[in-house]
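Please read the structure below before turning to the comments.
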Amino acid sequence: VGDYFLQQGTNALSAGSLYAMMAVGLALIFSILRLINFAHGDVMMIAVYLFVFAGFAGIPTLPALVIMLVGTILIGLTMERIAYRPLRGGPEVALLLSSFAVGQILQNSALLVSRLAGKPVQIAFPAPELLSGAISLGPLMVPKLNVASFVIGTVLLVLLTMFVTRTRLGLSMQAVAEDLPAARLMGIKVNRVVTVAFAIASGLAAVAGYLYASQAGQISPYLGFTPVLKAFIAAVIGGFGSLSGAVLGAYLLAFLEVIPTTFAGIADILPAGTVSPGVHDLLQQFLPSSLASYRDAFVFVFLILMLLFRPNGILRGRAREETP
Amino acid sequence: MRPDRRLVAGVLMIAALALVIGLVQESGSAVWESRMVLLGIFVILTVSLNLVSGFTGLFSLGHIGFMALGVYISAILTLSLEKKASLLPKLPGWLEGFSLSQMVGPIPLGWLLATLIAGVLVALIALAVGAVIMRLSGNFVAVATLGFLVIVRVILINADSFTRGSRTFSGVTPFTDMWWAWGWAVITIYVAWRIKRSPWGRQMLAQRADKWAAQSVGIPILRPRLLAFVVSAFFGAVAGSLYAHFIPAFSPSVFYFDITFEVITMLVVGGLGSVTGSVLGAIVIVALSEGLREVEDRSQLYGISGLTLGVFFLAIIIFRPDGIMGQRELSLDGLRRRLPRRSDVGEGWTTPPVDDSTLPDDPNAPDDPV
């Protein structure tokens with residue numbers, strides 16, 4: 001039973017790393033533009049499609065990965081130029097709506113391109129050989145993909161932290177997030193900062209997309225929807241706009257998510273004799289395995305409660321003039 | 001504007017509408033009939049979403065969640081006894097034994113009752129949900145209401161014994177025709193228009209224009225928001241009931257993000273805050289997407305219609321953020337004074353003139369909303 005919990009724990013760590021890569025991108029863009037970028041999941045989806053279609057064109061894996069990364073960043077920057085820059089400084093809701101439109105455009109482009117190329121809506125996405133299989137860690141068998149997600153996620157987030165805190169550009173990013181007009185008066189080139197933020201967010205989304213698709217095994221134009229929802233929740237838990245908060249929120253969410261899966265139906269997993277029959281029946285009654293399928297509902301109830309009681313996140317960032 | 005003139009305008013519009021419906025019915029074209037019904041349902045959805053997103057400025061993404069609840073509640077209530085036994089064998093006893101499909105002459109009175117029950121139940125749910133979500137502000141309402149949409153979907157998929165889970169739900173009697181759809185649409189439009197002209201409506205529009213200014217002169221924030229949310233949910237459920245008794249088979253996946261996006265497009269194209277704008281927006285987008293779907297079916301290039309609608313929506317947001325109507329309404333006087341010029345729509349119109357004789361003395365005004 002102990003191993004079972006550990007196993008769920010490693011799953012959570014791996015999922016948390018994926019959520020963190022997405023949530024940091026959302027938080028980065030939000031902190032600078034006050035834009036909740038609903039299209040972020042679709043940027044992730046486009047990355048996977050770039051990789052897959054590069055493969056169809058006969059390009060080997062490594063260059064295809066480069067194409068994926070560079071292409072996604074370019075798409076992210078184009079999106080910012082066309083859909084977000086003209087609306088900067090306008091009402092928040094205009095930016096939000098614009099990101100819906102961008103998401104719609106990206107999804108349908110992927111659909112259309114698949115159609116033109118004669119591919120089905122669902123395309124198989126086998127995990128690369130290097131990352132398939134599992135390695136044993138003590139008593140546990142951990143899929144290599146999970147290890148890779150965790151390692152890659154951690155490395156990228158450490159690099160991002162160093163960039164934000166140690167470089168001139170990173171510091172100016174923080175300045176713009178804190179107070180855009182003041183930063184501009186100090187001579188910071190806001191457009192450049194915004195461009196870099198979108199490049200970073202899109203790059204992270206591309207990496208997350210690759211890992212996510214490898215785990216899922218197949219892709220569709222709608223694959224970005226669930227991850228971006230999870231990233232929203234992670235960002236909200238951490239206080240929208242805080243990078244470290246988003247990372248913390250992502251791991252917290254991942255652990256929160258395995259709780260229903262772990263404990264629902266626990267009565268069936270416990271070896272006979274560990275608990276008295278009375279407790280066993282109680283567990284079976286109140287934590288049936290069917291509870292696990294309500295996981296997303298629990299998570300979103302938690303999200304709404306977070307927004308209500310801790311709108312600035314669990315880290316209690318600087319007070320924002322929100323709530324009426 | 002004198003009231004008699006408004007009455008004339010209303011009667012004229014309803015007469016014109018009845019004429020159109022009568023003509024379509026005469027033509028006997030099933031395709032056009034179903035287009036008219038669909039348009040009516042979308043008008044209800046858009047106008048009722050406008051109550052929240054347009055009037056108070058809080059962007060709700062959960063409207064289709066209310067619709068979905070309306071769909072399932074009313075469908076379960078009107079399903080015939082035999083169908084209940086075969087489709088929903090695990091339904092609890094108190095729901096199993098009756099079916100609201102009674103007809104009084106040609107009128108499906110049972111269904112009307114089921115629609116009202118669905119509307120009231122959903123409105124109560126909205127009251128509970130809104131009491132929490134309406135305290136949030138700005139973009140966070142969008143995230144929270146999106147959460148509500150996901151929660152509704154998860155529940156519908158998992159409440160197997162009521163909804164058949166993710167399998168299709170069929171066998172609902174197709175009561176909905178053009179008269180029912182547009183009858184409800186006219187009621188929705190009338191209610192929204194009355195709310196807009198009432199002190200409540202002014203309070204909603206005032207907080208959208210400037211929440212802090214509104215609050216500092218004593219305009220309540222929370223209660224008008226809740227009113228908008230609850231009324232909007234009621235009509236969302238009504239639209240759901242119409243939809244359930246129109247489409248022969250449906251499943252929870254129908255009531256999700258695609259249709260949410262479609263209704264939001266109609267709303268923004270029509271103009272946030274304009275009731276007649278919502279009607280126009282629904283007409284424009286339904287026409288556009290029906291046309292595009294035709295192209296799509298012929299060329300087999302799936303994605304073309306969604307792509308075009310997305311680009312169209314983006315262009316509207318960037319180049320004409322006020323949509324067709326801004327916050328104004330189509331009226332006989334306005335028509336006489338020529339159709340809207342662009343310069344009329346700008347900033348000046350986003351703040352409606354506040355009639356100070358109604359606001360501070362409003363007996364319903366709570367002292368402090370927070």
For this session: Within region B:142-153, work out how many residues are more than 19 Å from the chain's Cα centre (by Cα) and open to solvent by 20 Å² or more (accessible area, probe 1.4 Å).
Result: 1
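Would you pick out the residues in region B:110-119 that are in contact with a helix residue (DSSP H, G or I) (Cβ under 7 Å, 6 or more places away or on another chain) and open to solvent by 10 Å² or more (accessible area, probe 1.4 Å)?
B:Ile117 - this is the single residue of region B:110-119 that is in contact with a helix residue (DSSP H, G or I) (Cβ under 7 Å, 6 or more places away or on another chain) and open to solvent by 10 Å² or more (accessible area, probe 1.4 Å).
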Problem set entry | Entirely in region B:231-325, the helices (runs of 4 or more DSSP H) that have 1 or more residues that are away from chain A (no Cβ under 13 Å) | B:257-270, B:275-299
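I'm trying to understand the selection: among the residues of region A:170-218, which are assigned to a helix (DSSP H, G or I), among the charged types (D, E, K, R) and either touching a strand residue (DSSP E or B) at 6+ places or on another chain (Cβ under 7 Å) or modelled with pLDDT under 90 (or both)? Write out each step before concluding.
Taking region A:170-218 as the starting set, the residues that turn out to be assigned to a helix (DSSP H, G or I) are A:170-178, A:180-185, A:190-216.
With among the charged types (D, E, K, R) added as a condition, the list becomes A:178, A:184, A:192.
Answer for region A:170-218, where residues must be assigned to a helix (DSSP H, G or I), among the charged types (D, E, K, R) and either touching a strand residue (DSSP E or B) at 6+ places or on another chain (Cβ under 7 Å) or modelled with pLDDT under 90 (or both): A:Glu178, A:Arg184.
Determine, yes or no, whether B:Phe162 is among the aromatic types (Phe, Trp, Tyr), open to solvent by less than 30 Å² (accessible area, probe 1.4 Å), touching a Phe, Trp or Tyr at 6+ places or on another chain (Cβ under 8 Å) and away from chain A (no Cβ under 11 Å).
Working: among the aromatic types (Phe, Trp, Tyr): yes; open to solvent by less than 30 Å² (accessible area, probe 1.4 Å): no; touching a Phe, Trp or Tyr at 6+ places or on another chain (Cβ under 8 Å): yes; away from chain A (no Cβ under 11 Å): yes.
Judged against the criteria, B:Phe162 is not a match.
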Exercise. Just a yes or no: is a residue in region A:66-84 hydroxyl-bearing (Ser, Thr, Tyr), within 18 Å of A:Ala199 (Cα to Cα) and either at pLDDT below 90 or under 19 Å from the mean Cα position of the chain (by Cα) (or both)?
Worked result: yes
Problem set entry | Which listed residue is open to solvent by 40 Å² or more (accessible area, probe 1.4 Å), away from chain B (no Cβ under 14 Å) and modelled with pLDDT under 90, from A:Leu315, A:Leu252, A:Leu305, A:Leu248 | A:Leu315
Seminar exercise, completed: Counted residues in region B:120-141 being facing chain A (nearest Cβ under 7 Å) and open to solvent by 50 Å² or more (accessible area, probe 1.4 Å) come to 1
Problem set entry | Pair list, Cβ under 9 Å, 6 or more apart: region A:235-247 residue part of a loop (DSSP other than H, G, I, E, B), other residue open to solvent by 10 Å² or more (accessible area, probe 1.4 Å) and β-branched (Val, Ile, Thr) | A:Gly238/A:Val247; A:Gly238/A:Ile314; A:Gly239/A:Ile314; A:Gly241/A:Ile32
Problem set entry | Search result, residues across region A:89-99 that are open to solvent by less than 10 Å² (accessible area, probe 1.4 Å) and facing another protein chain (nearest Cβ under 7 Å) | A:Leu96, A:Leu97, A:Ser98
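Just to be sure before I move on: is B:Thr188 at pLDDT 90 or above, of a type in the set (Ser, Thr, Tyr), open to solvent by less than 10 Å² (accessible area, probe 1.4 Å) and in contact with a helix residue (DSSP H, G or I) (Cβ under 6 Å, 6 or more places away or on another chain) in the structure I sent?
Working: at pLDDT 90 or above: yes; of a type in the set (Ser, Thr, Tyr): yes; open to solvent by less than 10 Å² (accessible area, probe 1.4 Å): yes; in contact with a helix residue (DSSP H, G or I) (Cβ under 6 Å, 6 or more places away or on another chain): yes.
Spelling it out, B:Thr188 is indeed at pLDDT 90 or above, of a type in the set (Ser, Thr, Tyr), open to solvent by less than 10 Å² (accessible area, probe 1.4 Å) and in contact with a helix residue (DSSP H, G or I) (Cβ under 6 Å, 6 or more places away or on another chain).
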Seminar exercise, completed: Just one listed residue, out of B:Ser80, B:Ser34, B:Ser86, is touching a Ser or Thr at 6+ places or on another chain (Cβ under 7 Å) and either open to solvent by less than 20 Å² (accessible area, probe 1.4 Å) or under 24 Å from B:Gly171 (Cβ atoms) (or both), and it is B:Ser80
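Here is a check on your reading of the model: is A:Leu111 open to solvent by less than 30 Å² (accessible area, probe 1.4 Å), within 14 Å of another protein chain (Cβ to nearest Cβ) and in a helix (DSSP H, G or I)?
Values: open to solvent by less than 30 Å² (accessible area, probe 1.4 Å): yes; within 14 Å of another protein chain (Cβ to nearest Cβ): yes; in a helix (DSSP H, G or I): yes.
Against the criterion (open to solvent by less than 30 Å² (accessible area, probe 1.4 Å), within 14 Å of another protein chain (Cβ to nearest Cβ) and in a helix (DSSP H, G or I)), A:Leu111 qualifies.
The values are calculated or read from the model by the stated rules, or taken from the named source; none is laboratory data. Bear in mind the structure is a predicted one, so any value in this text is a computation, not a measurement. Please note: Cβ atoms are built from the backbone with ideal geometry, for glycine as well, and neighbour counts cover all protein chains shown. Ligands, DNA and RNA are stripped out before the accessible areas are found, and what is left, the full protein with its side chains, is counted by its heavy atoms. Shrake-Rupley method; radii C 1.70, N 1.55, O 1.52, S 1.80 Å.
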